[in-house]
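Worksheet: the structure to be examined is printed underneath.
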Amino acid sequence: MSSYISGATLEKSQDTVRPDQPLTLNLSFKIEGAIRDAFVQKNWEKAYNKHDNGFRMTIEVDLKSGRKTIMPLKFVRKAALFWTRNPKIPYRVWVSIVKDETPYYPLTVEEAQSLLFDVNKVIELSGKDLASGAHRLSADIRVSWGRHDYTEPTEISGKSSEVELRAVA
């Protein structure tokens, strides 16, 4: 089984945009498959015992109008494995997730997987970045991570749905 990107959608805040107006786009997708299935507590404990206590995933997005890249984005999601004594968690090794520079401490494995592998990114675009006329915007997505006790180095890619909008001068 391999990992893949599913449900990649791009949504727009309005149908037309003027040069002096901001355009808000919402990109959402999920990383499914082998990596999500392997990111569980028993694997965290095995990896932690072998001093493999971090996971870093790089997400690169090229926002495109037709074939032209309008805005390249790059962001990182991290997971840190640590020894815990939290009475709400019945395990000795647990995980914290760093998403958009903010650390989260999930209470369940499912919540940890959701924080790490479910992406919902708001993209702010200026109206002056688009030439006047009709545009079909989409996002090319690349996700990569390195070798760990529970996974091999992998790069996966996907493409979002297209949204149509009109830039007015």
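The values are calculated or read from the model by the stated rules, or taken from the named source; none is laboratory data. Keep in mind that this is a model prediction, so the values were computed, not measured. FYI the Cβ positions are ideal-geometry reconstructions off the backbone, even for glycines, and counts take in every protein chain you see.
All of ILE59, ILE141, ILE70, ILE123 fail the test of being closer than 15 Å to SER28 by Cα, assigned to a strand (DSSP E or B), modelled with pLDDT under 95 and not charged (D, E, K, R), apart from ILE123. Quickly run through segment 17-66 and pick out the residues that are under 15 Å from the mean Cα position of the chain (by Cα), over 14 Å from GLU124 (Cα atoms) and of a type in the set (Val, Ile, Thr). Of everything in segment 17-66, those that are under 15 Å from the mean Cα position of the chain (by Cα), over 14 Å from GLU124 (Cα atoms) and of a type in the set (Val, Ile, Thr) turn out to be ILE31, ILE35, THR58, ILE59. Inspection of segment 78-87 finds a residue satisfying the criterion of being touching a Ser or Thr at 6+ places or on another chain (Cβ under 8 Å), at pLDDT 95 or above, assigned to a strand (DSSP E or B) and not aromatic (Phe, Trp, Tyr).
Taking segment 55-75 as the range and being of a type outside the set (S, T, N, Q), surrounded by fewer than 13 Cβ atoms within 10 Å (Cβ to Cβ) and under 24 Å from GLU155 (Cβ atoms) as the test, the residues that pass are ARG67, LYS68, PRO72, LYS74. Scanning segment 124-167 for residues that are farther than 25 Å from GLU45 by Cα, loosely packed, with under 13 Cβ neighbours inside 10 Å and out of contact with any Asp or Glu (no Cβ under 9 Å at 6 or more places or on another chain) yields GLU124, ALA131, GLY133. For segment 95-111, the count of residues that are exposed (fewer than 15 other Cβ atoms within 10 Å of the Cβ) and under 19 Å from GLY158 (Cα atoms) is zero. Under the condition of being of a type in the set (Asp, Glu) and modelled with pLDDT of 95 or more, which residue from segment 12-40 is nearest to HIS148 (Cα to Cα)? Here the residue is ASP37.
To keep it simple, each residue is scored yes or no on (1) farther than 30 Å from VAL163 by Cβ; (2) touching a Phe, Trp or Tyr at 6+ places or on another chain (Cβ under 6 Å).
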position	(1), (2)
PHE29	no, no
ALA38	yes, yes
GLU45	yes, no
ASP52	yes, no
GLU60	no, no
PRO72	no, no
ASN86	yes, no
TYR91	yes, no
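LEU107 satisfies every condition listed in (1) part of a loop (DSSP other than H, G, I, E, B); (2) of a type in the set (A, V, I, L, M, F, W, C); (3) touching an Asp or Glu at 6+ places or on another chain (Cβ under 9 Å) except (3).
Determine whether segment 41-59 contains at least one residue that is of a type in the set (A, V, I, L, M), more than 15 Å from HIS148 (Cβ to Cβ) and either touching a strand residue (DSSP E or B) at 6+ places or on another chain (Cβ under 9 Å) or without any contact (Cβ under 8 Å) to a residue 40 or more places away in the chain (or both). Among the residues of segment 41-59, at least one is of a type in the set (A, V, I, L, M), more than 15 Å from HIS148 (Cβ to Cβ) and either touching a strand residue (DSSP E or B) at 6+ places or on another chain (Cβ under 9 Å) or without any contact (Cβ under 8 Å) to a residue 40 or more places away in the chain (or both), which makes the answer yes.
Here ASP52 clears all of (1) at pLDDT 95 or above; (2) in a strand (DSSP E or B) except the condition numbered (2).
I'm trying to understand the selection: among the residues of segment 106-161, which are under 18 Å from the mean Cα position of the chain (by Cα) and free of Cβ contacts under 8 Å to residues at least 60 places away in the same chain? Passing the criteria: PRO106, GLU110, GLU111, SER114, LEU115, PRO153, GLU155.
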